Each structure stands twice: as C-alpha cells, then as structure tokens.
1. Applying the selection to segment 131-177, what residues are touching a Phe, Trp or Tyr at 6+ places or on another chain (Cβ under 8 Å) and not β-branched (Val, Ile, Thr)?
2. What do you reckon, is Thr83 in contact (Cβ under 8 Å) with a residue 60 or more places away in the chain and either closer than 24 Å to Phe186 by Cβ or touching a Cys at 6+ places or on another chain (Cβ under 8 Å) (or both)?
3. What number of residues within segment 44-78 are modelled with pLDDT of 90 or more and part of a strand (DSSP E or B)?
4. So Asp111 passes all but one of these: (1) at pLDDT 85 or above; (2) part of a loop (DSSP other than H, G, I, E, B); (3) loosely packed, with under 14 Cβ neighbours inside 10 Å; (4) in contact with a helix residue (DSSP H, G or I) (Cβ under 8 Å, 6 or more places away or on another chain). Which condition number does it fail?
5. Give the number of residues within segment 1-20 that are of a type outside the set (Ser, Thr, Tyr) and in a strand (DSSP E or B).
6. Within segment 168-200, restricting attention to residues that are small (Gly, Ala, Ser) and buried (at least 18 other Cβ atoms within 10 Å of the Cβ), which residue is nearest to Gly38 (Cα to Cα)?
7. Among the residues of segment 143-184, count how many are among the hydrophobic types (A, V, I, L, M, F, W, C) and under 13 Å from Thr106 (Cα atoms).
8. Here are some conditions: (1) outside any helix (DSSP H, G or I); (2) touching a strand residue (DSSP E or B) at 6+ places or on another chain (Cβ under 6 Å); (3) at pLDDT below 95; (4) under 20 Å from Leu57 (Cα atoms). Ala189 meets all but one. Which one does it not meet?
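The values are calculated or read from the model by the stated rules, or taken from the named source; none is laboratory data. Given the structure is predicted, the values throughout are model-derived calculations rather than measurements. A quick note on method: Cβ atoms are made from the backbone with ideal geometry, for glycine too, and the neighbour counts reach across all protein chains shown.
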Amino acid sequence: MLKAFENLIDWTNVLLFHSVHESFFPHLEKIVTNKYSGQCQTYPGILFTLPAEKNNLLDLVTTPKNIITHKLNAADVPTLVSTWRFADKESIQQLTECVNHSKSITVCTSDKDDLELKKVLKSWAVLSPIGAINLLRTDERFRKQGLGAFTIKEISLRKIQAELVPIGEIETFNDASGSLFTKVGFEKAYNTFWLYLTRG
C-alpha cells in the first residue's frame, strides 16, 4: 500500500512510521532511502497482546488506595514530554493531538486534604494511533505501589468494554514495562520498528 501511494506522501515533511511489523520494515527502509533526504532514526519495539482467555487476570490486579483516574488533557502534555526519552521539538504538538483524540488514563491521589498532590500525575498511559497502550510511565516518586499494573488494567478494561483486544507496545530495552505487561496477562505478539524522519 505504501509503495502504491508513495507519491501522495509529502516527503519534505516530518514523518513518523510507527509499530511497523519487523517483516515489512526492510521494504519501508528501501522506500525511505529513495524518497527521503533528511535524518532517520529507528527504534525497535515489542508489541504485546492480551488474549481473551486471559482477560480474567486483570481482576487479580489490586486497586491502590486513595487514587482516582481520569483522561489526560492538554495541560498534562508538558509532564509527559518531560519524561519521554524520545521527546523533540515536535513532541508537544504530537502528544497534544494524541491526548486530544485518543484514549488515555492518568492516576492521581483522591486525598481531599492534599490538593497539591492531587494535581500530580502518578502514573499514566496513552493509546497510540493503532490503539496500543503506549507512553506507560509511573512517576519515580510513586513506584513500587502497583500503579503501573493498575494503569494497564484500567485502560485495558476500557478497550475490552469497547470489544477491542488490548495491545501494548514498548521499546525492546524496557524490561520493566515488559514485566508489567506479562504480569497482567499480556503475551508477546511480534517485534516492531518505529521510524522517525526529521529535518535535523
């Protein structure tokens, strides 16, 4: 499809090809080499999926005390960008669009006596354009409390309610997030690549 429509793509623009299956990636690289003259950055990833027969494992994830969940909004984007290792000058716009148009979740405290802490994002995740749980992160101050697994559980339940299969994607080196997905029942599906095309 990309080969058929390559002339319709503005190759002078900043482009992102995300969650490309490893078997297709060499073909994409050939097209990009012929069409693009800017800088290319490649990041390998792993896509996980939650089989329907393992949905019940989500029930085993405990709900932390004194927390609330809500959708991320544009005001939260600077926090997301500040902790994203791949952030660049385009990230504010990219994540703002993602937060505005995709499902997302954040975990905050529900303690009415601590209004300042209530504003702090403890853990969060955003669905990528293909619907994969992405940008999963827990603030370092609140780790080891089960918030990461709980965040995966909550956003997965929303997908299941919409009759969609929960999927998640991480970098190949992100062992911590990989362990979290496995803990709540996800299984590795295949390897992926993200390709960022920038003008430097």
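1. Leu135, Leu136, Arg137, Pro166, Gly168, Glu169, Glu171
2. no
3. Of the residues in segment 44-78, 6 are modelled with pLDDT of 90 or more and part of a strand (DSSP E or B).
4. Here Asp111 clears every test but (1).
5. The total comes to 5.
6. Checked segment 168-200; the qualifying residue nearest to Gly38 (Cα to Cα) is Gly168.
7. Counting residues in segment 143-184 that are among the hydrophobic types (A, V, I, L, M, F, W, C) and under 13 Å from Thr106 (Cα atoms) gives 5.
8. (3)
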